[in-house]
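Colleague: Here it is: the structure, laid out below.
The values are calculated or read from the model by the stated rules, or taken from the named source; none is laboratory data. Note that the coordinates shown come from a computational prediction; the quantities given were computed from them, not determined experimentally. Methodologically, a virtual Cβ is constructed for each residue, glycine included, from the backbone with ideal geometry; neighbour enumeration extends over all protein chains shown.
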Number of protein chains: 2
Amino acid sequence: MLAGTRRAACLLQQAKDLLESGVLSGTYRHKRNVNSYIYQSSMSGALLQRIKELEDELEKLRSQFKESTRPAEDMEIKSCSPASESLNCITSDGNTRSTKKSGKERQFDFGSHPRRHVALKLAYLGWAYQGFAVQENTDNTVEARLFEALLKTRLIQDRQSSNYHRCGRTDKGVSAFSQVITIDLRSSQFCGGLGVSLPENLDPGTKSKACTSELPYVKMLNRVLPQDIRILDWAPVEQGFSARFDCQSRTYRYYFPRGFLDVELMADAAKRYKGTHDFRNLCKMDVGNGVLQFERTILSASVRPVQPQQVSSTDQYDLFVFEIKGLAFLYHQVRCMMAVLLLIGQKLEAPEIIDELLDVKKNPRKPQYSMAVDYPLVLYDCHFEGLIWQQVMEEVNHVLSSLQRHWTQSAVKAHVLLGMTRGLEERGGVSSNHCWLVEGSRQKNYRPLLERPCCESLESRINHFVKRGRLEREEGQNGDETIHKGKKSKHSHNACSPSVSSEIPKQSIDLKEED
Amino acid sequence: MLAGTRRAACLLQQAKDLLESGVLSGTYRHKRNVNSYIYQSSMSGALLQRIKELEDELEKLRSQFKESTRPAEDMEIKSCSPASESLNCITSDGNTRSTKKSGKERQFDFGSHPRRHVALKLAYLGWAYQGFAVQENTDNTVEARLFEALLKTRLIQDRQSSNYHRCGRTDKGVSAFSQVITIDLRSSQFCGGLGVSLPENLDPGTKSKACTSELPYVKMLNRVLPQDIRILDWAPVEQGFSARFDCQSRTYRYYFPRGFLDVELMADAAKRYKGTHDFRNLCKMDVGNGVLQFERTILSASVRPVQPQQVSSTDQYDLFVFEIKGLAFLYHQVRCMMAVLLLIGQKLEAPEIIDELLDVKKNPRKPQYSMAVDYPLVLYDCHFEGLIWQQVMEEVNHVLSSLQRHWTQSAVKAHVLLGMTRGLEERGGVSSNHCWLVEGSRQKNYRPLLERPCCESLESRINHFVKRGRLEREEGQNGDETIHKGKKSKHSHNACSPSVSSEIPKQSIDLKEED
């Protein structure tokens, strides 16, 4: 949104420049023709006046933006972030003028500093973003803000050389409480340490420097990041350590109100997800990005009230959470699993439907259904073994109080709405049993999942992308066929794209993991 | 906010028009000068091109607006309202082009229709608005949207002739569940009825018409109002009946989380507000608008948990509500009363401070303090005797389900934030005991209310406005002095401004009542 205004501001500026230059050259070219000169200047005067008005209007608009988005939870803090403030022009390639500029300001000799391979733990509210991972079609991603901050603080020279890996890829509107990335950052540790690599031909004078404490990574980054993206911890890690491939398990949470859902039935059904299954009927098959293998392991899946005491209650306004822990997840997997649970909770499907969908021999093609909406989903935790997180209590407390301020606003607004809702119920209002958490419009007559038209099969999808050159078939020595990502692959620009082959270990071939 | 974009769009249009006309007249005036003609058209071409780009950019911006504000509770519904959609240009006086235009489209003969004096009950979310009452400096008020709808549906000819009264005046960001207005609307009741006045020289043919049911006021208005403003009921009323002067009592609610507040102490202290007191130290003295009398009667005041079971709990994330019922309220009175309760809840003041502030002999001047923030405040109810509300169940159910959709979003987001907050607490995060519900920044060292600098006294305020001619002193026959609103009075344009005098009954002299 802000990017939009900034671009509009740019255009205005350009228009004004063009106008001024245009008019001036005009008046010179015509200075022999007095009438036309007068006409020129009067007309150009009027136009400049008008452009001025437009600029003012846009100025007003921008401030109104901030004004009006301040109360809105997902914007409030972002709008007042130094990082986003400082970016006045976003170029089409998603780079920012200011970062380009800051690059020019002073040549920074990264070669003379140690580098350190570290893990960073991020929390962010995804509601205002187009997703975590950088995309071609938008600049409004968490990763884009993160790299702006890393460049601004001179902790990296550029993304390409930063040895960057992310743990989970969250989708548009999805939040995270423990997203983890690994990356090489500039370090102050000239006398080495876990993950530290010293600069080549380091002169002995520097080497003999007394050891100082590491750069305050968390503080440095939080000072320039938008307020709805916070670094919680950092940890030094071994050189080869990858946030993506060394993650032991991921935990997602999906929050929802009871409404008219049979939550006990949902809690019982959720258990059926546990174990190792082929989830091709419960995800978006991302074959185009080389995801050809849909077996995933779910360690636990539960549905429970957010407040324990609400077990006894039957209030439709109680909040519940679907919590699922797995080794790795497929694209849109959690939102598809949630969508099916919501159908069960509405008694539109029996809990057995889960077993049906997991039985890909019996049901090899995914029936068409809408997934659950994005904003209630949170990548709540990413588990790694043996990491020593360097928690900075002061920073944690800052984040905590900013979250509390934020929570106060949305909780109070929720209760203003609840007060009105209950008021209308007291006046005899009858609430519909509609479930607001499923995308798309809802059919009058429900059509059971197994009676619906199905999506393309995996094989036909593969053929589709092989034809388009985004995947390539290859004959192995022993005659078995493997499929590789082709040259035309959409994500070949991606920093962390291992070449995809069905021989690569199951849990790690996905270029695009869950939302 | 939308109004802003609309105005910007207008300016662009005007700029374009001016440019086109300017260029044309230019090319005619100069048609003898070929060079200048060519130069003209090439330059104007470039400019038009640029303006076009700007327009497109603004178009994009507007849609981004809706995109980005759809999830935000207070905008979401508004953005998709037919009413606001249809208004493409707002003129400075707050009238809309579209309504002007529709006025021209077809002359509508109001004189040939019966009029009916009715009460309308409104619910609205005030978060996106600059307040209820129409203001000179902004078009973004609930009342502005309401009158757009009344004009669009031809239920009134214009505001001036509509015999309009409002019950309460809510402030920027304040919501209402039962705002009540009285107004004369076009009616279908040619054979009369409560509040109906028939057109003069009504031809007997029309008079003998069979009686039909009244126009579907609620449905008609809700179809064109923004979704965050809804009509709940209507009632036919006697000619002289006024929403403002015949209101028996008003009930406000202020929602807040427990946090570190001593809610029991607050509940006990709240009782001290009960009764008839002079509230000049607990409101914004609006002397400039002729408010010279600050005695008000509070019928009840309570602080209680929104969920009864939370009485036993001590969770800082429980929500509470301060509910106050009174005959009438002063400007900012509830937010000042709440601010003092919050100081008591934080143990910064003793409950006795309320008695001190209500004792205007002892403390004639208001100590300087910040009031409580706006968004948790709701005008929850307005009581009238003997009104027969014509509730339309179908409409009530529509409103209910739209509120529930809305609630789902903000409740879920609140719990996403709460989940993170609790997560940080589990990691040892210590939450500050800061209270987020008071405006302005908070001092490090608390200064007791009675030791603070005081605001101007009532008398000096009166003198101030008498000097500026906004108030006038007058000698009564028996020598007693009365004060009238002067000619220069700011609000003299206001539709419902009785001449102000301290002889007018206590509860009805205020031109500007609470938020």
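Colleague: How many residues, within the stretch A:152-182, are among the hydroxyl-bearing types (S, T, Y) and touching a His at 6+ places or on another chain (Cβ under 8 Å)? Explain how you work it out, then say what you get.
Modeller: Kept after step one, since they are among the hydroxyl-bearing types (S, T, Y), are these residues of the stretch A:152-182: A:153, A:161-162, A:164, A:170, A:175, A:178, A:182.
Keeping just the survivors that are touching a His at 6+ places or on another chain (Cβ under 8 Å) gives A:182.
The qualifying residues number 1.
Colleague: Among the listed residues A:I324, A:I229, identify the single one that is buried (at least 24 other Cβ atoms within 10 Å of the Cβ), touching a residue at least 24 places away in the same chain (Cβ under 8 Å), within 18 Å of A:L357 (Cα to Cα) and away from chain B (no Cβ under 12 Å).
Modeller: So the residue among A:I324, A:I229 that is buried (at least 24 other Cβ atoms within 10 Å of the Cβ), touching a residue at least 24 places away in the same chain (Cβ under 8 Å), within 18 Å of A:L357 (Cα to Cα) and away from chain B (no Cβ under 12 Å) is A:I324.
Colleague: Please find, among B:V412, B:V399, B:V416, B:V430, the residue that is assigned to a helix (DSSP H, G or I), touching a helix residue (DSSP H, G or I) at 6+ places or on another chain (Cβ under 7 Å), within 9 Å of another protein chain (Cβ to nearest Cβ) and at pLDDT 90 or above.
Modeller: Within the list B:V412, B:V399, B:V416, B:V430, the selection yields B:V399.
Colleague: If you don't mind, there's one more thing I want to ask. Could you check, for the stretch A:386-396, whether at least one of its residues is of a type in the set (F, W, Y) and either part of a strand (DSSP E or B) or within 25 Å of the chain's Cα centre (by Cα) (or both)?
Modeller: The answer is yes, given that some residue of the stretch A:386-396 is of a type in the set (F, W, Y) and either part of a strand (DSSP E or B) or within 25 Å of the chain's Cα centre (by Cα) (or both).
Colleague: Does A:G469 meet the test of being over 22 Å from A:L342 (Cα atoms), among the small types (G, A, S) and surrounded by 15 or more Cβ atoms within 10 Å (Cβ to Cβ)?
Modeller: Values: over 22 Å from A:L342 (Cα atoms): yes; among the small types (G, A, S): yes; surrounded by 15 or more Cβ atoms within 10 Å (Cβ to Cβ): no.
No: the conditions fail for A:G469.
Colleague: Within the stretch A:150-159, does at least one residue satisfy the condition of being within 30 Å of A:F322 (Cβ to Cβ), under 22 Å from the mean Cα position of the chain (by Cα) and buried (at least 19 other Cβ atoms within 10 Å of the Cβ)?
Modeller: Checking the stretch A:150-159: not a single residue is within 30 Å of A:F322 (Cβ to Cβ), under 22 Å from the mean Cα position of the chain (by Cα) and buried (at least 19 other Cβ atoms within 10 Å of the Cβ).
Colleague: Sort out which residues of the stretch A:124-149 are within 14 Å of chain B (Cβ to nearest Cβ) and under 11 Å from the mean Cα position of the chain (by Cα), and write them in order of number.
Modeller: Of everything in the stretch A:124-149, those that are within 14 Å of chain B (Cβ to nearest Cβ) and under 11 Å from the mean Cα position of the chain (by Cα) turn out to be A:Y124, A:L125, A:G126, A:W127, A:A128, A:Y129, A:Q130, A:N140.
Colleague: Does A:E439 fit the bill of being touching a Ser or Thr at 6+ places or on another chain (Cβ under 7 Å) and not β-branched (V, I, T)?
Modeller: yes
Colleague: Right, another one. Look through B:R461, B:R422 and report the one residue that is under 23 Å from B:L282 (Cα atoms), part of a helix (DSSP H, G or I), basic (K, R) and more than 9 Å from chain A (Cβ to nearest Cβ).
Modeller: When all the criteria are applied, what remains is B:R461.
Colleague: Look at the stretch B:249-281 and say how many of its residues are at negative phi and either outside any helix (DSSP H, G or I) or within 14 Å of another protein chain (Cβ to nearest Cβ) (or both). Before the answer, list the steps.
Modeller: Here is the first cut: in the stretch B:249-281, the ones at negative phi are B:249-258, B:260-274, B:276-281.
Checking which are either outside any helix (DSSP H, G or I) or within 14 Å of another protein chain (Cβ to nearest Cβ) (or both) leaves us with B:249-258, B:260-262, B:274, B:276-279.
Residues flagged as at negative phi and either outside any helix (DSSP H, G or I) or within 14 Å of another protein chain (Cβ to nearest Cβ) (or both) within the stretch B:249-281 amount to 18.
Conditions (1) touching a Ser or Thr at 6+ places or on another chain (Cβ under 6 Å); (2) at pLDDT 95 or above; (3) under 14 Å from B:M266 (Cα atoms), marked per residue:
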residue	(1), (2), (3)
B:Q309	no, no, no
B:Y317	no, no, no
B:I324	no, yes, yes
B:E352	no, yes, yes
B:P376	no, yes, no
B:E385	no, no, no
B:Q391	no, no, no
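Colleague: Based on what the data block shows, is B:S197 surrounded by fewer than 19 Cβ atoms within 10 Å (Cβ to Cβ), at pLDDT below 95 and touching a Leu at 6+ places or on another chain (Cβ under 6 Å)?
Modeller: Against the criterion (surrounded by fewer than 19 Cβ atoms within 10 Å (Cβ to Cβ), at pLDDT below 95 and touching a Leu at 6+ places or on another chain (Cβ under 6 Å)), B:S197 does not qualify.
Colleague: Failed condition for B:I354, given (1) in contact (Cβ under 8 Å) with a residue 12 or more places away in the chain; (2) outside any helix (DSSP H, G or I); (3) away from every other protein chain (no Cβ under 14 Å), with all others met?
Modeller: Failed condition: (2).
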